[in-house]
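These notes concern the structure reproduced below.
The values are calculated or read from the model by the stated rules, or taken from the named source; none is laboratory data. Please read all numbers here as calculations on a predicted model, not as lab measurements. No Cβ is skipped: glycine too gets one built from the backbone with ideal geometry, and neighbour counts run over all protein chains shown. Each accessible area value is taken on the protein alone, full model and side chains, heavy atoms only, with ligands, DNA and RNA left out. Shrake-Rupley method; radii C 1.70, N 1.55, O 1.52, S 1.80 Å.
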Amino acid sequence: MRMAKSTSVLWMLLLVFVSTASRGSVPPGTSIDNQASASYTASSGTSTTAGSNVVHVITQAGAATLTITKSSSQTSVRPGDHPSFTLSVTNSGSADAAGVAITIDGAATTRVVISDAIPNNTRFSAIVNAGGATPLYHIFGAAAQAYVS
């Protein structure tokens, strides 16, 4: 591409780049520095490079914002009916949700825990679909953050 100098027309090349900082990968307070450059051959035949100013962007701490909704397959039930309860969790925040310290089958780990108590006058039947989650069970009387798979 050749950019000609002209008295009647001003040629200008404008490039706009949009980038996204990776969620959770850059610690808050990190400086992201960016500089552009152009390399060209001048009319004298000399190879030349021109550089822009350096733009500094300081990362800010993001926050997870979890929303959980619960729905039921039935609004009223009779003895022997099998209502299904569905939980949906979304993160509309600007960072990943951090886990809490728990134990699974006696091994310490960190996980985001979504819990749902079994309602009175019902009994647990099955988890139909856990999506990408790992179903865990808390045994009545066990330590608060102790689960079994």
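Results, tabulated for the structure shown:
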item	result
In the range 23-33, residue least open to solvent (accessible area, probe 1.4 Å) [restricted to those that are in a loop (DSSP other than H, G, I, E, B) and hydroxyl-bearing (Ser, Thr, Tyr)]	Thr30
Selection status of Ala130, outside any strand (DSSP E or B), among the aliphatic types (A, V, I, L, M) and surrounded by 12 or more Cβ atoms within 10 Å (Cβ to Cβ)	no
Total residues in the range 75-88, condition in a loop (DSSP other than H, G, I, E, B) and open to solvent by 60 Å² or more (accessible area, probe 1.4 Å)	8
Residue match in the range 61-73 (condition: within 30 Å of Val128 (Cβ to Cβ) and either without any contact (Cβ under 8 Å) to a residue 12 or more places away in the chain or among the charged types (D, E, K, R) (or both))	yes
Residues of the range 133-149 satisfying the condition of being in a loop (DSSP other than H, G, I, E, B) and closer than 25 Å to Gln74 by Cα	Ala133, Pro135, Leu136
Residue within the range 112-135 that is in contact with an Asp or Glu (Cβ under 7 Å, 6 or more places away or on another chain) and of a type outside the set (A, V, I, L, M) present	no
Cβ-Cβ under 8 Å pairs, at least 6 apart or on other chains, the range 127-140 side under 18 Å from Thr90 (Cβ atoms), far side open to solvent by less than 100 Å² (accessible area, probe 1.4 Å)	Ala133/Ile114
Qualifying residues in the range 108-121 (those that are more than 20 Å from the chain's Cα centre (by Cα) and assigned to a strand (DSSP E or B)) - the one surrounded by the fewest Cβ atoms within 10 Å (Cβ to Cβ)	Ala108
Search result, residues across the range 89-99 that are surrounded by 11 or more Cβ atoms within 10 Å (Cβ to Cβ) and touching a strand residue (DSSP E or B) at 6+ places or on another chain (Cβ under 9 Å)	Val89, Asn91, Gly93, Ala97, Gly99
So Asp105, is it at pLDDT below 85, over 16 Å from Pro83 (Cβ atoms), open to solvent by 90 Å² or more (accessible area, probe 1.4 Å) and not hydrophobic (A, V, I, L, M, F, W, C)	no
Filter result (open to solvent by less than 70 Å² (accessible area, probe 1.4 Å), out of contact with any Pro (no Cβ under 9 Å at 6 or more places or on another chain) and either part of a loop (DSSP other than H, G, I, E, B) or among the charged types (D, E, K, R) (or both)) within the range 34-64	Ala36, Ala42, Gly45, Ser52, Val54, Ala63, Ala64
